[in-house]
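S.K.: Submitted below is the structure of interest, expressed as structure tokens.
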Amino acid sequence: MSPESFAQTLAATVTRYLAQVAAPAEHLSLLRWQIAEGHRLDLRETMPGHLTTSAIVLSPDHAQILVIDHITIGRWLQPGGHYEPSPFFHLSAQREAEEETGVTGLKLHPWHQNGDLPFIIDSHDVPGKKSRNEPPHIHHDLQYLFLADPNQPLTAQLDEVNAAKWQSVEMLWEFAPKAAERLKAVAVP
């Protein structure tokens, strides 16, 4: 995607998300302001925030979730990272999950109806990274649901994560309560 098409696609995705998915109190004000101001949200240097994508990887029965022990953040989270150019945002999230965990055979969850509408858009504070001279900032995270077989072997990408493992889906409440709440209404395929 060119920077222009990225900006247009992101703006359309956010507008559609707000109209079709967002809770009444979800306004995404900072993200919408940065889009309106023409900020290059596809670049990690853009402050006060920029785009990330992540994958909420579920077992087919929705009983388990794939998590990573993130080195920089120092806690268990869903796999994800800074947006890298992809034809669709969910493909960026899928690539991150595959790289960080070694998971294979990911399938976009039927909730997405084969589209690129995020399950959650979560703008949140993250600490900076001293090694990159990066101050604390905001990640505007487009989160997508995927399905995968929890019996396949995992291989953590040790330069970014300490470990990858399957846990009870209840763990989602610890780091992504908005996603956990929304997931209660999603049918098991």
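The values are calculated or read from the model by the stated rules, or taken from the named source; none is laboratory data. These figures come from a predicted structure and were not determined experimentally. All accessible areas refer to the heavy atoms of the entire protein, side chains included, with ligands and DNA or RNA removed. Shrake-Rupley method; radii C 1.70, N 1.55, O 1.52, S 1.80 Å.
S.K.: In terms of modelled amide H atoms, which long-range or inter-chain residues lie less than 5 Å from the amide H of G102?
M.R.: T155
S.K.: Which shape class, rounded, prolate or oblate, goes with segment 102-189 when its Cα gyration tensor gives a ≥ b ≥ c as root eigenvalues, a/c under 1.5 marks rounded, and past that a/b bigger than b/c marks prolate?
M.R.: oblate
S.K.: If you don't mind, another one. Across segment 43-83, what fraction of all alpha-carbon pairs, as a whole percent, falls in each successive 5 Å bin from zero upward?
M.R.: 6, 20, 20, 22, 16, 9, 4, 2
S.K.: Let me ask something else. Return the inverse of the average 1/r over all pairs of distinct C-alpha atoms in the chain, which is the Kirkwood hydrodynamic radius, in Å to one decimal.
M.R.: 16.8 Å
S.K.: Express in nm, to one decimal, how much length is gained between S131 and L30 on full extension, taking 0.36 nm for each residue of separation and deducting their alpha carbon distance.
M.R.: 33.7 nm
S.K.: Based only on the alpha carbon positions, what is the Kirkwood hydrodynamic radius of segment 16-68, in angstrom?
M.R.: One over the average 1/r among Cα pairs gives 13.7 Å for segment 16-68.
S.K.: For Cα pairs less than 8 Å apart in space and 6+ apart in sequence, what is the mean separation divided by the residue count of the chain, i.e. the relative contact order in percent?
M.R.: Computed value for the chain: 26 percent relative contact order.
S.K.: Separate question: Report the antiparallel proportion of the DSSP beta bridges in the chain as a percent, rounded to a multiple of 5.
M.R.: 70 percent
S.K.: Here is a further query. Which residues' amide hydrogens lie under 5 Å from the amide hydrogen of I120, considering only partners 5 or more residues apart or on another chain, with H built in the peptide plane?
M.R.: HN-HN under 5 Å from I120: Q143.
S.K.: Okay, moving on. Can you give the Rg and Dmax of segment 57-150 based on its C-alpha atoms, in angstrom?
M.R.: Rg and Dmax of segment 57-150, Cα atoms, are 13.8, 42 Å.
S.K.: Explain nothing, just compute: Karplus ³J(HN,Hα) = 6.51 cos²θ - 1.76 cosθ + 1.60, θ = phi - 60°, for every residue of segment 131-136 in order, whole Hz, x for Gly and Pro.
M.R.: Per-residue couplings from phi come out as 5, 9, 6, 10, x, x Hz.
S.K.: Would you kindly work out the equivalent ellipsoid of segment 1-113 from its C-alpha gyration tensor and give its semi-axes, the square roots of five times the eigenvalues, largest first in whole Å?
M.R.: Whole-Å semi-axes of the equivalent ellipsoid: 25, 17, 15.
S.K.: A further question follows. With a 1.4 Å probe and all protein chains kept in place, how do D125, D149 rank by accessible area, largest first?
M.R.: Order by accessible area, largest first: D125, D149.
S.K.: Got a sec to turn the phi values of segment 145-155 into Karplus ³J(HN,Hα) couplings, 6.51 cos²θ - 1.76 cosθ + 1.60 with θ = phi - 60°, whole Hz, x for Gly and Pro?
M.R.: My calculation for segment 145-155 gives 8, 9, 10, 7, 7, x, 8, 6, x, 10, 9 Hz in order.
S.K.: Let me ask something else. Roughly how many Å² is the accessible area per residue of the chain, as a whole number, for a 1.4 Å probe?
M.R.: 49 Å²
S.K.: Cα convex hull of segment 73-121: how many Å³ per residue?
M.R.: 101 Å³
S.K.: What list of ³J(HN,Hα) couplings, whole Hz, do you get for segment 170-181 from phi and the Karplus terms 6.51, -1.76, 1.60, once you set θ to phi - 60° and write x for glycine and proline?
M.R.: 4, 4, 4, 4, 6, 10, 8, x, 5, 5, 4, 5
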